[in-house]
Amino acid sequence: MAATATKNAKSADGKFADMQRDTIELNDKDHMTTDYGIKISDPDHWLRVADEKKTGPMLLEDQIAREKIMRFDHERIPERVVHARGTGAFGTFKLFESAEDVTTAGVLTDTSRETPLFLRFSTVQGSKGSADTVRDVRGFAIKMYTAEGNWDIVGNNIPVFFIQDAVKFPDVVHSVKPEPHNEVPQGQSAHNNFWDFVYMHSETTHMNYWQMSDRAIPRSYRMMQGFGVNTYSLINKEGKRHLVKFHFTPELGVHSLVWDEALKICGQDPDFHRKDLMDAIDAGHFPRWKFGLQLIPEDKVDDFEFDPLDATKVWPEELVPIRYIGQLELNRNIDEFFPQTEQAAFCTSHIVPGIDFSNDPLLQGRNFSYFDTQISRLGPNWEELPINRPVCPYMNLVNRDGSMKHRITKGTVNYWPNRFHANPPADASQGGFTSYPEKQQGIKARALSEKFKEHYKQAQTFYNSLSEIEKLHVAKAFSFELDHCDDPIVYKRMTERIAIVSSELAEMVATNVGGDMPSKPSKNHGKKAKGLSQLEYLPEKPIIDTRRIAILLADGFDYNAYTTMKDALSERGAFVFTIGAQRKGVTSESGQTVVPDHFFTGMRSTLFDATFIPGGKHVADGLAKNGVAKFWVTESFAHLKPIAGMNEAVPFIKKQIGLDEVEVASPGTLSAESYGVVTGYGDAPSTLKVGSVGPDSKGLA
Ligand code: HDE
């Protein structure tokens, strides 16, 4: 048993194998039973006194009906107090390079292992049923089922945090959640209380800029970075300590929606990110992230102008480069949401030998909170639930009982030490966890170190490092948010605060929202840094894998152009969807019938990354007469998306995008100057190049 468990912890599918013990599969042979096992003959009628008209009273005696209703009455558990909305998937962690110079942790030193894992993505503010594409930080919580026990990295897609001391967490969360008097708004930071909090806490400034950037409206969970955020320690076999930050960089690059899209998708498909992840995994396009470490030797901790224990600061890559040593892949969808995602419980305090905490004041508070919150969500035996239990052998003779205990431990003693030497602890040579013997001395005080008091420099570096288009998006985001604050105290003084980082930005926002400007312009230190603009994280070569591409059709389309383009895109890994005038079928010029995946009114351009329209009579007879099809093109263009058209579709597209007079790209090319519009003429659609639009492509948004 123990040997199987250890093997599971080192093999990619180990957690799947472990969960099989508790997995049953629905079929048409096994009869429906009560939870205590008797077969049910009629699940549709409550037992009653059936008089002649069958209108007699219902009987409380009906244990089958009562069990069904009772189970239903109690099927909800409290949602997570933050990060309630999310979804998860299983995967594997592989190490390419051993980090044995800095740690003894098996998961970071044994390159022959494949460690199974579960990753849950989430938004922060919204409740469990809120929409995926709101402006928010995204959670990136990983549970690695290692051979030495579970290691949880409970991270985010933004490398810094709002506050410096964990005791402020209830304040920041209350301020951003719906206001207490009316529970409005849902899943949004655009309200008085949040911006009041931001103003009152200048330590939020750096995080606030990231939150107003495109990072907070990702295109996909698969296209975001993951950061451990807090500072942990790695301990090597000589007992030397390095401080460490964990990084995950997506193979697909970092990409975002534009705000108008994000807003619309909230209504059009609130599950957009959940479905995107599941669809990609189901289709075998497994998302991958490079795993890296930033390391600071213990004796260099004081060498920086910031405190490496301050979670509102990044460790600039110029000073502390990222060492990439592994890869995380997601490759299996869950089978059932509640037991495998709702009951998943992460704890920053779950670390394995070779890894330790630091005096990061946020981390220390988190170590208490996560462990504590699981008790109100799941009860004291939450670590025994299939999704949470380790894959390696585990046993503790003292930790017993409590509600819903289901593991059975044989033996007559439940204390240590005992006369049988049962369940002995392990010393370090046997893999026992030993804390780093850091010397600690001091007086008790409620305080933070001096370097924690500087709150603006890195926010300015972040803003300076963005491209012009990203800066414009930040200006629009601040303006949107403050426009939704109706208390002048809040928006007026907030624009003054923005001016500390950038007068130019504050000017734009103040003009839009009616804010105030300080009398003196602020000073800008002019510094930029690596790794802050998301445009640095584009894939090496443009790729269209898993991008959703719509082909618009009505009766009379060019069948050859349609199939050639569809095949070419599918071959390159794109997900192609046919959107037609009606789903019962559209007929081509040459008589072939295609049954579209959706009809026009059922879909919106916002749910696709690009659009293709083949030539044919269908343009004049169908698309040009259909308001939804016309708006589709205009809206795609406004959202900076590539649009391709053949023959008759070309003038139609030009008209919808309002660029009749502008020369769009010459046939078969794609360029920034073409405004992301590709055109092709003639019979040979294969002359069309299938590509992607670069970051500098222009548009109306
Ligand atoms: Fe969390 N956070 N957090 N947080 N957090 C929770 O734990 C907390 C912080 C993060 O998918 C809760 O199990 C405190 C930073 C993620 O299940 C709770 C502080 C970062 C998730 C909690 C922080 C995070 C949570 C609620 C300030 C990024 C979702 C449910 C010191 C590194 C985990 C739960 C999942 C969830 C407390 C700050 C990320 C209440 C006290 C910084 C991804 O315990």
(message) Looking for something touching a residue at least 40 places away in the same chain (Cβ under 8 Å), within 14 Å of the ligand (Cβ to nearest atom) and more than 30 Å from Ile235 (Cβ to Cβ) - is there at least one such residue anywhere in region 141-149?
(response) no
(message) Looking at (1) within 15 Å of Thr611 (Cα to Cα); (2) in contact with a helix residue (DSSP H, G or I) (Cβ under 6 Å, 6 or more places away or on another chain); (3) part of a loop (DSSP other than H, G, I, E, B), which one does Pro518 not meet, given that it meets all the others?
(response) (1)
(message) Quick test of your reading of the structure: Gly411 fulfils all but one of (1) outside any loop (DSSP other than H, G, I, E, B); (2) at positive phi; (3) of a type outside the set (Phe, Trp, Tyr). Name the failing condition by number.
(response) (1)
(request) Using the structure shown, decide if Tyr232 is more than 12 Å from the ligand (Cβ to nearest atom), surrounded by fewer than 22 Cβ atoms within 10 Å (Cβ to Cβ) and among the hydroxyl-bearing types (Ser, Thr, Tyr). (result) no
(message) Just checking, does region 270-277 include any residue being among the charged types (D, E, K, R) and more than 30 Å from Glu571 (Cβ to Cβ)?
(response) no
(message) If Thr611 meets every condition in (1) touching a Ser or Thr at 6+ places or on another chain (Cβ under 7 Å); (2) at pLDDT below 75; (3) not in a helix (DSSP H, G or I) apart from one, which number is that one?
(response) (2)
(request) Those residues that are of a type outside the set (A, V, I, L, M, F, W, C) and either free of Cβ contacts under 8 Å to residues at least 24 places away in the same chain or assigned to a helix (DSSP H, G or I) (or both), I need them from region 192-208; list them, please. (result) Asn192, Asn193, Asp196, Tyr199, Ser202, Glu203, Thr204, Thr205, His206, Asn208
(request) Confirm whether Gln164 is in contact (Cβ under 8 Å) with a residue 12 or more places away in the chain, within 24 Å of the chain's Cα centre (by Cα) and away from the ligand (no atom under 12 Å from the Cβ). (result) no
(request) Please list, ordered by first then second residue, the pairs with beta carbon atoms under 6 Å, 6 or more apart or interchain, first in region 627-651 and hydrophobic (A, V, I, L, M, F, W, C), second at pLDDT 95 or above and in a loop (DSSP other than H, G, I, E, B). (result) Met646/Pro614; Met646/Gly615; Ala649/Gly615
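Of all residues in region 509-525, which are under 21 Å from Met207 (Cβ atoms) and either hydroxyl-bearing (Ser, Thr, Tyr) or within 32 Å of the chain's Cα centre (by Cα) (or both)?
Kept after step one, since they are under 21 Å from Met207 (Cβ atoms), are these residues of region 509-525: 509, 513, 515, 522, 524-525.
Passing the criteria: Val509, Val513, Ser522.
Let's see how each residue does on (1) touching a helix residue (DSSP H, G or I) at 6+ places or on another chain (Cβ under 7 Å); (2) in a strand (DSSP E or B); (3) modelled with pLDDT of 95 or more:
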site: Pro116; (1), (2), (3): yes, yes, yes
site: Ser122; (1), (2), (3): no, yes, yes
site: Gly126; (1), (2), (3): no, no, yes
site: Gly129; (1), (2), (3): no, no, yes
site: Asp132; (1), (2), (3): yes, no, yes
site: Arg135; (1), (2), (3): yes, no, yes
site: Tyr145; (1), (2), (3): yes, yes, yes
site: Gly155; (1), (2), (3): no, yes, yes
site: Val160; (1), (2), (3): yes, no, yes
(request) Among what's in region 101-140 and is farther than 24 Å from Glu383 by Cα and among the hydrophobic types (A, V, I, L, M, F, W, C), pick the residue that is nearest to the ligand (Cβ to nearest atom). (result) Val137
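Wholly within region 1-103, which helices (runs of 4 or more DSSP H) include no fewer than the required count, namely at least 3 residues that are at pLDDT below 95, surrounded by 10 or more Cβ atoms within 10 Å (Cβ to Cβ) and aromatic (Phe, Trp, Tyr)?
Fully inside region 1-103 and qualifying: nothing.
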(message) Could you check region 104-129 and list, in sequence order, the residues that are surrounded by 22 or more Cβ atoms within 10 Å (Cβ to Cβ) and not small (Gly, Ala, Ser)?
(response) Val107, Leu108, Thr115, Pro116, Leu117, Phe118, Leu119, Arg120, Phe121, Thr123, Val124, Gln125
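Across region 330-383, which residue is nearest to the ligand (Cβ to nearest atom) among those that are charged (D, E, K, R) and either closer than 18 Å to Gln164 by Cα or outside any loop (DSSP other than H, G, I, E, B) (or both)? Explain how you work it out, then say what you get.
Let us first name the residues in region 330-383 that are charged (D, E, K, R), namely 332, 335-336, 342, 356, 360, 366, 372, 377, 383.
Then keep just the ones that are either closer than 18 Å to Gln164 by Cα or outside any loop (DSSP other than H, G, I, E, B) (or both); that gives 332, 342, 356, 360, 366, 372, 377, 383.
On the way: Arg332: 18, Glu342: 9, Asp356: 17, Asp360: 9, Arg366: 5, Asp372: 7, Arg377: 7, Glu383: 13 Å.
Result: Arg366.
The values are calculated or read from the model by the stated rules, or taken from the named source; none is laboratory data. All of these numbers come straight from a predicted model, not from anything done at the bench. In this analysis, Cβ positions are derived from the backbone assuming ideal geometry, glycine residues included, and neighbour counts consider all displayed protein chains.
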